[in-house]
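The block underneath contains the structure these notes are about, expressed in structure tokens.
Nothing in this text is a laboratory measurement; each read-out follows from the coordinates by a stated rule. Worth saying up front: this structure is predicted, and the values here are computed from it rather than measured. Positions of Cβ are backbone-derived with ideal geometry, glycine not excepted, and every protein chain shown enters the neighbour counts.
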Amino acid sequence: MNRALGGLDLALCLAFALALPAGQVLFKLGAEYTRRVEGGLVAKVLFNPPLLGAFAWYGATSFLWVYILTRAPLSQVYPFSILGAALTPILAVLLFRESLSLQGWLGYAVMLAGFVLVTRSAA
């Protein structure tokens, strides 16, 4: 039987969950920045600070994820990726003025409810 996550494990998982949408914001900024860069794909990547930042951020996030996995079972920590995925559209609406339908909001609410159910079942 799995034990409940300790305080440090929980803090690391929450940091991971917040790092995921931050990385997605950097990827979006990088995608928008490609319009300013002349040249082909290689130039659009190499001369794109937000995109390079996104790659670096996801690299660092991967190290965090591996560290988390050394401390806790995958089945208990993976739901935190759901939390990150559900927070991403909120940032898209706030930062990029994207729109989300009522059905979209409800879908993300269901994801968050699923996160709560899954994490509470391990407690």
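Counting only residues that are touching a Pro at 6+ places or on another chain (Cβ under 7 Å) and of a type outside the set (Phe, Trp, Tyr), give me the helices (runs of 4 or more DSSP H) lying completely in the range 8-123 with at least 2 of them. Can you show your working first?
Values: elements: 41-46, 49-71, 74-77, 79-96, 102-121.
In the range 8-123, the matching helices (runs of 4 or more DSSP H) lie at 79-96, 102-121.
Just the residues that are in contact with a helix residue (DSSP H, G or I) (Cβ under 8 Å, 6 or more places away or on another chain) and either within 19 Å of residue 28 (Cβ to Cβ) or without any contact (Cβ under 8 Å) to a residue 60 or more places away in the chain (or both), please, taken from the range 61-78.
61, 64, 65, 67, 68, 69
Listed here are the residues, each with its yes/no results for (1) under 25 Å from residue 66 (Cβ atoms); (2) among the β-branched types (Val, Ile, Thr).
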site	(1), (2)
85	yes, no
90	no, yes
96	no, no
107	no, no
117	no, no
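What residue, of 81, 101, is in contact with a helix residue (DSSP H, G or I) (Cβ under 7 Å, 6 or more places away or on another chain) and surrounded by fewer than 17 Cβ atoms within 10 Å (Cβ to Cβ)? Explain how you work it out, then say what you get.
Numbers: 101 fails: in contact with a helix residue (DSSP H, G or I) (Cβ under 7 Å, 6 or more places away or on another chain).
Being in contact with a helix residue (DSSP H, G or I) (Cβ under 7 Å, 6 or more places away or on another chain) and surrounded by fewer than 17 Cβ atoms within 10 Å (Cβ to Cβ) holds for just one of 81, 101, which is 81.
Among residues belonging to the range 26-75 that are surrounded by 14 or more Cβ atoms within 10 Å (Cβ to Cβ) and of a type in the set (Gly, Ala, Ser), point out the one that is nearest to the chain's Cα centre (by Cα).
54
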